[in-house]
1. Restricting the search to segment 122-168, which residues are in a helix (DSSP H, G or I) and surrounded by 21 or more Cβ atoms within 10 Å (Cβ to Cβ)?
2. For segment 107-121, which residues satisfy the criterion of being surrounded by fewer than 17 Cβ atoms within 10 Å (Cβ to Cβ) and either under 19 Å from residue 97 (Cβ atoms) or free of Cβ contacts under 8 Å to residues at least 24 places away in the same chain (or both)?
3. Exactly one of (1) buried (at least 18 other Cβ atoms within 10 Å of the Cβ); (2) out of contact with any strand residue (DSSP E or B) (no Cβ under 6 Å at 6 or more places or on another chain) is unmet by residue 84. Its number?
4. For residue 104, indicate whether it is touching a helix residue (DSSP H, G or I) at 6+ places or on another chain (Cβ under 9 Å), without any contact (Cβ under 8 Å) to a residue 40 or more places away in the chain, in the same structural domain as residue 155 (by TED's automatic domain parsing) and closer than 18 Å to residue 154 by Cβ.
5. Do we have any residue at all in segment 101-110 that's modelled with pLDDT of 95 or more, in contact with a strand residue (DSSP E or B) (Cβ under 8 Å, 6 or more places away or on another chain), within 17 Å of residue 76 (Cβ to Cβ) and not in a helix (DSSP H, G or I)?
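The values are calculated or read from the model by the stated rules, or taken from the named source; none is laboratory data. Quick caveat, the model's predicted, so the values are computed rather than measured. Every residue, glycine among them, receives a Cβ derived from its backbone with ideal geometry; neighbour counts consider all protein chains shown.
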């Protein structure tokens, strides 16, 4: 998971007095909290100059792992109510390509259990979409030891083989 940091600096000289203000907010897309955003403003003054720094940091939300952005720290899946919002948003889309994009966005922002990932896989009509999502979601899975249970969402054994190969090569 990547952290995106923007730093704006307006005039910087010697530092004598410093005042920092931090504001936390959430970015909401289509009814889902996608990421937490922290805006930190630092004002520094001295007798010869003023400096104003503003830092905006976006951190992917994982409300169930303490807000950590590393997917390897996934320990708890997204809540049932949030999962319901995710699946409703996916179902509301007409095109499978769009559904897949939304599923990936939601999974990247929230850890999921194997059962939840399986539920989303079953929403796709095309084998290719199921496979692509299953491979992608493995990184964000809270119970990877149960990932074998995804095998029955596929119609072709070659898809199961491709999934297992992709997971082994991670």
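1. Narrowing segment 122-168 to residues in a helix (DSSP H, G or I): 127-140, 144-153, 157-168.
Correct list: 130, 131, 133, 134, 137, 140, 150, 153, 163.
2. Step one: filter segment 107-121 for residues surrounded by fewer than 17 Cβ atoms within 10 Å (Cβ to Cβ), giving 115, 119.
Passing the criteria: none in range.
3. Residue 84 satisfies all of (1) buried (at least 18 other Cβ atoms within 10 Å of the Cβ); (2) out of contact with any strand residue (DSSP E or B) (no Cβ under 6 Å at 6 or more places or on another chain) except (1).
4. On the way: touching a helix residue (DSSP H, G or I) at 6+ places or on another chain (Cβ under 9 Å): yes; without any contact (Cβ under 8 Å) to a residue 40 or more places away in the chain: yes; in the same structural domain as residue 155 (by TED's automatic domain parsing): yes; closer than 18 Å to residue 154 by Cβ: no.
Spelling it out, it is not the case that residue 104 is touching a helix residue (DSSP H, G or I) at 6+ places or on another chain (Cβ under 9 Å), without any contact (Cβ under 8 Å) to a residue 40 or more places away in the chain, in the same structural domain as residue 155 (by TED's automatic domain parsing) and closer than 18 Å to residue 154 by Cβ.
5. Scanning segment 101-110 turns up no residue that is modelled with pLDDT of 95 or more, in contact with a strand residue (DSSP E or B) (Cβ under 8 Å, 6 or more places away or on another chain), within 17 Å of residue 76 (Cβ to Cβ) and not in a helix (DSSP H, G or I).
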